[in-house]
Amino acid sequence: MRAGLRRSFGSLAVPNYRRYFAGQVVSVSGTWMQTVAEMWLLVKLTGSGVYVGLAPALQFAPVLVLGAWGGAVADRVPRRRLLMATQTLMALPALALFGLTVAGVVQVWMVFALIAVRGLVTALDNPTRQSFVSELVGPERVVNAVALNSVVVHSARILGPATAGAVIALAGVGPCFAFNALSFGAMLVALHGMDARSLRTAAPVEKGQRQIRDALGYVRSSPALWIPLGMMAVVGTLAFNFQVLMPLLADQTWHAGASTYALLTAAMGVGSVAGALVTGARGRVSPRLLVGAAAAFGIVELVAASAPTLALQAASLAALGAVSVTFAAGVNSSLQLGAAPAMRGRVMSLYSIVFLGSTPIGAPLVGWLAEVAGPRSGLVLGGAAALAAAVLAAVLYARAGAPLVLRRLLAAS
């Protein structure tokens, strides 16, 4: 057990990553508080699944449109400096939403506009953060560090919604936005305190006109890159829409309040943390792992869709959290290991596009489906999509020669 825990938390032995990890815990918890508050605010303002689905669509539409450009910038500009700028900018929409909510003048269009502004910053911030992981720990710890990043995200999914549910019940949604604005200070302190000499920084790429096209050609030439990206495109579009479905399940399926919304989100977060720790202890990734995780994702999501009681649904969502984070962390790690350092920012921007940028397509669709056929139908659609991605990837890996793909990944690490 002790040896497994040491493997799971191995990247924390790196001082720079330890600072980054601590800053992320605070900052991502604040982001989840804001996400819960935004979704609940929209449910109460509109009562519409379509409107709730539009919120993540607006947040991540800029990633779809500008994500590749963000990756190109991440390959040209020192990533630590770039992150300090994006984290500062992220605080501004949260502050504005806090002011509007406390003043009692907030309207739906204002919420949507500020979500879109945050999305513009995310288009630059996300590929930079994704590619910064290798710079912090080096290729030998990438799988572990990516898994620990998932621990941060999903621990925050427990802490953030649980805190947000209590805050909303006691004081309304406004304080959630204020805390998120303040939480970005933790990341700024962590980034400022890093030892820049210990970062494994690749030589900056010179500005050019074909950088995005070169990245697309680079990915297209490698099955170790394009197959995982294709899987994530399908699963990210149709299966990773829990941000839309959770408030609708709480409000329309179980006819409950913010505390039930927080319970469902936290249950999934608990399972996600467990899955991330197991993935981090494994320390490697393979085509078999990606296919198996996608298949398990689909099966468990279908089970969650059919859960007859709130307790069983919470339990199935915990299992769904574990398999979903195993899949997402596996795709992320395989891309980090398979990409050359000079291409890593652009490759990870493509990951951001298919993971986050697919949300503008999938979220409104799932929101509409949940409105006309019930929130459970959104889980059914996601489960079917994950199973289809697993079957298709298994065929493609077989045609590409999975052992060859695996050897390439191992050679990169």
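If I filter the range 339-348 down to residues being buried (at least 24 other Cβ atoms within 10 Å of the Cβ) and out of contact with any Asp or Glu (no Cβ under 7 Å at 6 or more places or on another chain), which single residue comes out as nearest to ASP125 (Cα to Cα)?
Filtering the range 339-348 down to residues buried (at least 24 other Cβ atoms within 10 Å of the Cβ) leaves 339, 344-348.
From what is left, the residues that are out of contact with any Asp or Glu (no Cβ under 7 Å at 6 or more places or on another chain) are 339, 344, 347-348.
On the way: ALA339: 19, ARG344: 14, VAL347: 14, MET348: 11 Å.
Among those that are buried (at least 24 other Cβ atoms within 10 Å of the Cβ) and out of contact with any Asp or Glu (no Cβ under 7 Å at 6 or more places or on another chain), it is MET348.
Among the residues of the range 337-377, those identified as closer than 12 Å to GLN130 by Cβ and not β-branched (Val, Ile, Thr) are ALA339, ARG344, GLY345, ARG346, MET348, SER349, LEU350, TYR351, SER352, PHE355, LEU356. Can you tell me which residues in the range 37-51 are at pLDDT below 80 and either of a type in the set (Val, Ile, Thr) or part of a helix (DSSP H, G or I) (or both)? Those that are at pLDDT below 80 and either of a type in the set (Val, Ile, Thr) or part of a helix (DSSP H, G or I) (or both): GLY49, VAL50.
Identify the residue in the range 304-338 that is without any contact (Cβ under 8 Å) to a residue 40 or more places away in the chain and either charged (D, E, K, R) or assigned to a helix (DSSP H, G or I) (or both) and, among all such residues, is surrounded by the most Cβ atoms within 10 Å (Cβ to Cβ).
Let us first name the residues in the range 304-338 that are without any contact (Cβ under 8 Å) to a residue 40 or more places away in the chain, namely 307-309, 311-312, 316.
Next cut, either charged (D, E, K, R) or assigned to a helix (DSSP H, G or I) (or both) only: 311-312, 316.
Working: ALA311: 11, LEU312: 13, SER316: 22.
This residue is SER316.
Here GLY275 does not fit the description of being without any contact (Cβ under 8 Å) to a residue 24 or more places away in the chain and either part of a helix (DSSP H, G or I) or surrounded by fewer than 24 Cβ atoms within 10 Å (Cβ to Cβ) (or both).
Remark: pairs (first residue in the range 76-87, under 14 Å from GLN130 (Cβ atoms); second residue of a type in the set (Ser, Thr, Tyr) and crowded, with 19+ Cβ neighbours inside 10 Å; Cβ separation under 7 Å; 6+ apart in sequence or on different chains) = ARG79/THR128; ARG79/SER131; LEU82/THR128; LEU83/THR128; THR86/THR128.
The set of residues from the range 344-374 being part of a helix (DSSP H, G or I) and either of a type in the set (Gly, Ala, Ser) or in contact with a His (Cβ under 6 Å, 6 or more places away or on another chain) (or both) comprises GLY345, SER349, SER352, GLY362, ALA363, GLY367, ALA370, ALA373. For the range 180-205, the set of residues classified as of a type outside the set (Gly, Ala, Ser) and either touching a Ser or Thr at 6+ places or on another chain (Cβ under 8 Å) or farther than 28 Å from LEU92 by Cα (or both) consists of ASN180, PHE184, MET187, LEU188, ARG197, LEU199, ARG200, THR201, PRO204, VAL205, listed by residue number. Among the residues of the range 355-376, those identified as of a type in the set (Gly, Ala, Ser) and within 16 Å of the chain's Cα centre (by Cα) are GLY357, SER358, GLY362, ALA363.
The values are calculated or read from the model by the stated rules, or taken from the named source; none is laboratory data. Everything quoted here is computed from the prediction, not taken from an experiment. Note that we place each Cβ from the backbone using ideal geometry, even for glycine, and neighbour counts take in every protein chain shown.
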